[in-house]
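This report refers to the structure that appears directly beneath it.
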Amino acid sequence: MWPFFRPVQWLASCLRGYHMPGKAFPQQRGDTSLVLVDEARRFIQDCLMRVGVPAAKVRCISEFLVVADYRGNFGHGLNRLDVYLDDLQRGHAKVDAEPTILSETLATAHVSGNSALGVLVGNFCMDLAVQKAEGAGIGFVVAKESHHFGMASWYAFRAALQGLAGLVMSNAAPTMMAPHTKSASIGANCLAFCVRGRDYHFVLDMAASVRDIGAVEWAWANDEYIPHGWAANEAGFSTIFPNLALRSPLLYPAGGHKGYCLSAMIDLLCGVLSGAQYASHIPLDPRQPSNLGQVFIALDPEFFVPNFMERLDDFCGRIQDSKPAEESQPIRLPGELERMHMNYVEDLRALPYPNTLLTKYRDVASKLCVKPIELAFHRCQSKKSF
């Protein structure tokens, strides 16, 4: 691991143990430039400090954005910075706010995020859940008055690093259609789960939709089409054009009715149970505060079986050893594609960003009077096989 990855080295070590297939990378459409990790971090921190975020909070916000891009979850990385800046400038997210515990027991807690940025609420809640799990075997923390908290697996990793299993859920503004409808009534709510063995790690991070809105935004930034079945246009018909899909977000649920029911369950736990907004009560208009609800669970596996890590390794190995339908399509465990992208970034020694995204942040830099992102290389054609 090179020196500029040290702040996220814990994340890489958390995911070691996969057996990666070696394949050539076909070309990805759209011109891409490379940005050194330190430079991406510097730009994010400069922007945050310009809108008044205290230095003590700037680092944890910039790290979780950089890690998202490092893992290839570009919809929740630098791409989201302008949304967080807008929330802070509008006062929807409060710079000086801190989460507080409303009530708690030995194993549970109800938290108010007090309109702090989602990553600050998420870090607080998962750390609290871990603390409770270390004493009671499980920690179950529910939060309200939170905001979009980015890559959900970021918080599940915090539990995994302590030898626990982490489960995280969040609701979101209504962007997903129920089957056989043409309007959105519920969010493409997310779920992440992480637990580690000795040789394998199981890392799930998913939305209840076929793909989340960040993936559609990223396709638009890369000047790419999206596959049919990801999203619909304003009339409710499937579209391949991300700009049409973004006008009035209408995402398709993963697995039809099953994805819709999963999203409803997440919203019930995160929104209804917490006292936060839920379903169509959550405003889609970014000019209004969101009041999202989230759930953070930490579980001590050894409370149930002392040899859990060995059993997890056996479980993952048996899945990976199953015979693929095509030799060119090996069996991959949840989280393995992200680990492949981490290897890819390490080979590049920089993060690949589409020039359209970098152009947007040149404008942001000008408005905030901060130094623009300095590129490592220009017009690099990014190549990926996943």
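Being assigned to a loop (DSSP other than H, G, I, E, B), over 19 Å from Met176 (Cα atoms) and without any contact (Cβ under 8 Å) to a residue 12 or more places away in the chain is true of Pro306. It is to be established whether one or more residues within the range 327-338 are polar (S, T, N, Q), modelled with pLDDT of 90 or more and out of contact with any Phe, Trp or Tyr (no Cβ under 7 Å at 6 or more places or on another chain). No, the range 327-338 contains no residue that is polar (S, T, N, Q), modelled with pLDDT of 90 or more and out of contact with any Phe, Trp or Tyr (no Cβ under 7 Å at 6 or more places or on another chain). Exactly one residue out of Gly22, Gly91 is within 25 Å of Leu204 (Cβ to Cβ) and at pLDDT below 90: that is Gly22.
Per the listing Gly118, Gly72, Gly113, Gly139, the residue uniquely buried (at least 16 other Cβ atoms within 10 Å of the Cβ), at pLDDT below 90 and of a type outside the set (A, V, I, L, M, F, W, C) is Gly72. Of the candidates Ala188, Ala245, Ala231, the single residue that is touching a residue at least 40 places away in the same chain (Cβ under 8 Å), surrounded by 20 or more Cβ atoms within 10 Å (Cβ to Cβ), closer than 30 Å to Thr356 by Cβ and of a type in the set (Gly, Ala, Ser) is Ala188. Can you find even one residue in the range 172-185 that is at pLDDT 95 or above and touching a Phe, Trp or Tyr at 6+ places or on another chain (Cβ under 6 Å)? Within the range 172-185, none of the residues are at pLDDT 95 or above and touching a Phe, Trp or Tyr at 6+ places or on another chain (Cβ under 6 Å). A single member of Ser103, Ser146 is surrounded by 19 or more Cβ atoms within 10 Å (Cβ to Cβ) and at pLDDT 95 or above, and it is Ser146. Hey, does the range 256-278 have a residue that's exposed (fewer than 14 other Cβ atoms within 10 Å of the Cβ) and in a loop (DSSP other than H, G, I, E, B)? Within the range 256-278 (the criterion being exposed (fewer than 14 other Cβ atoms within 10 Å of the Cβ) and in a loop (DSSP other than H, G, I, E, B)), the answer is yes, since at least one residue qualifies. Residue pairs whose Cβ atoms lie under 7 Å apart, sitting 6 or more positions apart in sequence or on different chains, and linking a residue in the range 146-175 that is under 17 Å from Ala68 (Cα atoms) to a partner that is outside any loop (DSSP other than H, G, I, E, B) and among the hydroxyl-bearing types (Ser, Thr, Tyr), are Phe149/Ser170; Ala152/Ser170; Val168/Tyr155. Count of the range 316-355 residues, restricted to those that are loosely packed, with under 13 Cβ neighbours inside 10 Å and either of a type in the set (Gly, Ala, Ser) or on the phi > 0 side of the Ramachandran plot (or both), is 3. Each residue in the range 184-236 was checked for being charged (D, E, K, R) and at positive phi, and 1 pass. Screening Ser366 on (1) more than 30 Å from Gly137 (Cα to Cα); (2) touching a His at 6+ places or on another chain (Cβ under 7 Å) shows it passes everything except condition (2).
Residues in the range 107-140 that are under 22 Å from Gly77 (Cα atoms), in contact with a strand residue (DSSP E or B) (Cβ under 8 Å, 6 or more places away or on another chain) and among the aliphatic types (A, V, I, L, M): Ala116, Val121, Met126.
The set of residues in the range 283-300 that are out of contact with any Cys (no Cβ under 9 Å at 6 or more places or on another chain) and modelled with pLDDT of 95 or more comprises Ile297, Ala298, Leu299, Asp300.
Scanning the range 149-167 for residues that are assigned to a strand (DSSP E or B) and surrounded by fewer than 24 Cβ atoms within 10 Å (Cβ to Cβ) returns Ala165, Leu167.
The values are calculated or read from the model by the stated rules, or taken from the named source; none is laboratory data. From a predicted model like this one, the values you see are computed outputs, not experimental measurements. Neighbour counts run over all protein chains shown; Cβ positions are idealised from the backbone, glycine included.
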